[in-house]
1. Where the centre of each part is set by its Cα atoms, how far does the stretch 210-240 sit from the stretch 550-603, in angstrom?
2. What is the chain's relative contact order, in percent, from Cα pairs under 8 angstrom and six or more apart in sequence?
3. Using a Debye calculation, one point per C-alpha and no hydration shell, please list log10 I(q)/I(0) for the stretch 525-616 at q = 0.15 Å⁻¹ in order.
4. In Å, what is the Rg of the alpha-carbon atoms in the stretch 65-142, and how long is Dmax?
5. Please state, as a whole number in µm²/s, the translational diffusion coefficient that the Stokes-Einstein equation yields for the stretch 306-457 at 25 °C and 0.890 mPa s, with Rh defined as the Kirkwood radius across alpha carbon pairs.
6. Checking a compactness column here: for the stretch 264-334, what do you get for Rg(Cα) / (2.2 N^0.38 Å), N being the number of residues?
7. Roughly speaking, what % of Cα-Cα pairs in the stretch 417-562 are separated by over 23 Å, rounded to a whole number?
8. Give me the mean projected area, in nm² to one decimal, of the convex hull enclosing the Cα positions of the stretch 148-228.
């Protein structure tokens with residue numbers, strides 16, 4: 001090493017440092033050699049052992065804690081457990097033994113607070129913290145007598161004092177003198193007063209007094225609620241800013257008029273309706289400046305237009321439809337009248353189609369639409385092949401909760417089903433009535449769907465055959481406790497015709513498949529021709545019962561039993577299928593995978609069914 005650039009005192013320090021390191025290395029080697037050399041069999045004293053090193057602290061798991069709450073049940077027990085810090089898994093996971101003792105020391109105070117909303121202010125609590133490898137936190141609770149109300153005063157002042165709705169809310173207040181103090185009822189009543197203020201036009205409403213007075217010495221309580229509604233407000237004119245549609249079209253989305261009582265729910269509904277049209281990327285609906293002294297509030301609607309053209313696509317698979325790829329092109333705004341169009345292209349193993357549709361919002365753009373459509377479809381199932389050109393017009397209207405869709409469709413179908421082949425032209429007028437009620441369109445716990453359709457054709461009126469067909473479908477989903485639900489569905493169909501064998505397969509009834517009778521392939525059930533090919537039937541009857549149980553919020557299992565058939569005579573026996581499956585509530589809809597046994601099926605009785613989408 002070159003020390004030319006190092007000062008003399010620095011060189012001296014460097015030499016001494018290297019000498020120290022060298023001596024330490026020699027000492028380490030000598031010590032190691034003695035440790036490896038066997039000790040001689042003499043009476044010489046053993047060498048002095050080297051000092052023991054302190055072991056690194058072990059990584060210990062958080063202690064296990066079992067919490068026992070005794071003496072209370074139902075909502076009372078649930079609230080106690082929710083209030084106990086020691087029962088919080090997240091806190092226990094990070095806790096040491098000392099912290100467990102600290103959490104236990106807070107428990108009695110937390111239990112006191114948890115019991116008070118139910119009127120229990122004098123509980124007796126016996127707490128224990130035991131350990132035998134596992135911590136046991138035990139709390140024996142005697143709630144004691146509930147506190148009673150000595151007085152209850154609920155009053156409404158302001159312009160709303162004479163409002164029948166507020167008078168009803170005051171009369172229906174659930175807490176009375178001599179009754180038990182329940183904080184939940186008290187808070188619910190306050191919320192009801194504020195909710196109606198937002199719906200009834202009382203924009204300046206507020207509580208002048210809202211309190212619960214508890215006297216622990218007398219062991220009684222008093223409630224005082226004074227609510228001032230202030231003046232009532234009314235809707236003014238609605239103005240649209242940034243709209244790319246005709247004002248005459250936009251006003252159809254407004255479900256109120258100038259002078260109606262102001263209601264925030266109607267503003268929210270207006271925003272929801274405009275957002276769901278697809279015309280806009282952003283919709284803001286807000287009250288404007290109040291017209292001085294008139295209590296009239298104008299409404300300002302700010303609209304940001306969406307891009308006119310949108311492309312969406314994807315791939316999918318279902319056992320009924322097979323693998324498929326799809327591209328959807330949407331022209332979301334063709335003119336200021338709100339006309340729209342879309343082109344749907346799909347290439348699948350069983351369904352290839354191209355379909356163009358033109359949408360005209362009419363007569364009420366908020367709920368109704370007229371659709372012009374034209375397209376080509378190539379369908380293949382295990383029983384039939386169809387190549388269909390179709391063109392038609394349909395009008396969809398909302399009447400109450402029912403969607404009514406009259407339509408007129410022209411179809412030219414080249415088909416093969418069994419030994420039946422042909423090219424058939426039909427002009428089919430039809431009408432469909434449907435209603436859907438659901439608590440969640442993506443993952444339904446409670447809901448139902450009903451659909452009734454009637455269609456037909458008459459030979460000589462652009463049609464080669466005559467028929468009349470009726471179809472009724474229904475489905476019910478009902479929650480069974482917090483984690484289970486039951487499902488029931490049925491399908492009934494009937495046809496009147498003297499030319500059944502001349503009808504294309506898309507107009508016949510078939511059964512079997514994921515949404516029909518599981519355990520049988522899609523459209524594999526029906527009447528047979530002279531060569532035993534399935535060719536469908538004039539009548540359809542299917543039904544299903546299913547039970548779902550979810551172990552996790554979105555994952556569950558299913559068990560089901562299906563029965564039904566497509567037939568030419570009601571004396572034909574039905575086919576039965578049973579099985580089980582998995583359910584996953586994905587963001588795009590429920591994904592279902594079922595393994596079903598066809599109880600009346602020859603050969604291999606097992607059938608796998610996979611499907612995804614909404615259930616109603």
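Coordinate-derived values only; no laboratory data. These figures come from a predicted structure and were not determined experimentally.
1. 53 Å
2. Here the relative contact order equals 6 percent.
3. -0.69
4. 12.1, 38
5. 138 µm²/s
6. Cα-based Rg divided by the globular estimate yields 1.78.
7. Numbers: 5101 of 10585 pairs.
Counting pairs separated by more than 23 Å, the tail of P(r) holds 48 percent.
8. Details: hull surface 19.7 nm².
Convex hull of Cα atoms, orientation-averaged projection: 4.9 nm².
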